[in-house]
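Q: Before I ask anything, let me first share the structure, which is written out below as structure tokens.
The values are calculated or read from the model by the stated rules, or taken from the named source; none is laboratory data. Note that the structure is a prediction, hence the values are computed from the model and not measured. Glycine gets a Cβ as well: all are built from the backbone with ideal geometry, and neighbour counts include every protein chain shown.
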């Protein structure tokens, strides 16, 4: 396993650059919120390796709370029934999957995984219900959720870590990039029209 500050910095750099890009384009509260959410994601990336799982998860949870607040403040005016069904189904389905993937783990690990999944799934649901483009921000948030479920599949023994290691980071970064692209591009377009 590759380890050490240089590897941690490399793993952190992708989302840190997305956060810097979002901050450079921020022209108001919403722009700064997406920059902060991405910034806490980058901090979480660093802390996962440098300090530990719980510290990294705490930074990610702060980022998700900021993103949830952003998305709730930018709700879509109307949704189709199928869109609304997905919004309401994401959290319970994700919790069920997380439980299934971690049910043989230590009780404390299972509880932490389920609690964290609730936060990530709520972020994904509110992103899908937001006015930001679903095929960027919404799909990106769902991909982010999938990356975390792959982590739990590896940690809980449902899949080999030799398999999950090939999915977690690419899905995570793709999700973060799509989220950033959808929010930043939408806000920049609105600013340009003023």
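Q: Given (1) crowded, with 16+ Cβ neighbours inside 10 Å; (2) in contact (Cβ under 8 Å) with a residue 24 or more places away in the chain, identify the lone condition not met by residue 114.
A: The single condition residue 114 does not satisfy is (2).
Q: Within segment 123-132, identify whether any single residue is at pLDDT 90 or above, surrounded by fewer than 22 Cβ atoms within 10 Å (Cβ to Cβ) and assigned to a helix (DSSP H, G or I), and answer yes or no.
A: no
Q: Here is a check on your reading of the model: is residue 24 free of Cβ contacts under 8 Å to residues at least 12 places away in the same chain, outside any helix (DSSP H, G or I) and over 17 Å from residue 145 (Cβ atoms)?
A: Against the criterion (free of Cβ contacts under 8 Å to residues at least 12 places away in the same chain, outside any helix (DSSP H, G or I) and over 17 Å from residue 145 (Cβ atoms)), residue 24 does not qualify.
Q: If we keep just the residues of segment 94-106 that are part of a helix (DSSP H, G or I) and touching a residue at least 24 places away in the same chain (Cβ under 8 Å), which is surrounded by the fewest Cβ atoms within 10 Å (Cβ to Cβ)?
A: The selected residue is 100.
Q: I've got another one for you. Within segment 34-52, take every residue that is surrounded by fewer than 22 Cβ atoms within 10 Å (Cβ to Cβ) and in contact (Cβ under 8 Å) with a residue 40 or more places away in the chain and give me the one that is farthest from residue 121 (Cα to Cα).
A: If we take residues in segment 34-52 being surrounded by fewer than 22 Cβ atoms within 10 Å (Cβ to Cβ) and in contact (Cβ under 8 Å) with a residue 40 or more places away in the chain, then 50 is farthest from residue 121 (Cα to Cα).
Q: Any residue that is touching a helix residue (DSSP H, G or I) at 6+ places or on another chain (Cβ under 8 Å), part of a helix (DSSP H, G or I) and closer than 15 Å to residue 63 by Cβ - is there at least one of those in segment 157-173?
A: Checking segment 157-173: at least one residue is touching a helix residue (DSSP H, G or I) at 6+ places or on another chain (Cβ under 8 Å), part of a helix (DSSP H, G or I) and closer than 15 Å to residue 63 by Cβ.
Q: Still on this structure: Quick check on residue 77: is it closer than 18 Å to residue 183 by Cα and out of contact with any helix residue (DSSP H, G or I) (no Cβ under 9 Å at 6 or more places or on another chain)?
A: Answer is yes for this residue.
Q: Would you check if residue 33 is assigned to a loop (DSSP other than H, G, I, E, B), within 30 Å of residue 192 (Cα to Cα) and touching a helix residue (DSSP H, G or I) at 6+ places or on another chain (Cβ under 9 Å)?
A: Taking the combined requirement at face value, the residue does not satisfy it.
Q: Follow-up question, since we're still on this one. Only residues that are surrounded by fewer than 20 Cβ atoms within 10 Å (Cβ to Cβ) and within 17 Å of the chain's Cα centre (by Cα): list them for segment 178-194, please.
A: Within segment 178-194, 181 is the sole residue that qualifies.
Q: Checking the conditions here, which among 176, 109 is out of contact with any strand residue (DSSP E or B) (no Cβ under 7 Å at 6 or more places or on another chain), touching a residue at least 40 places away in the same chain (Cβ under 8 Å), more than 24 Å from residue 15 (Cα to Cα) and in a helix (DSSP H, G or I)?
A: 109
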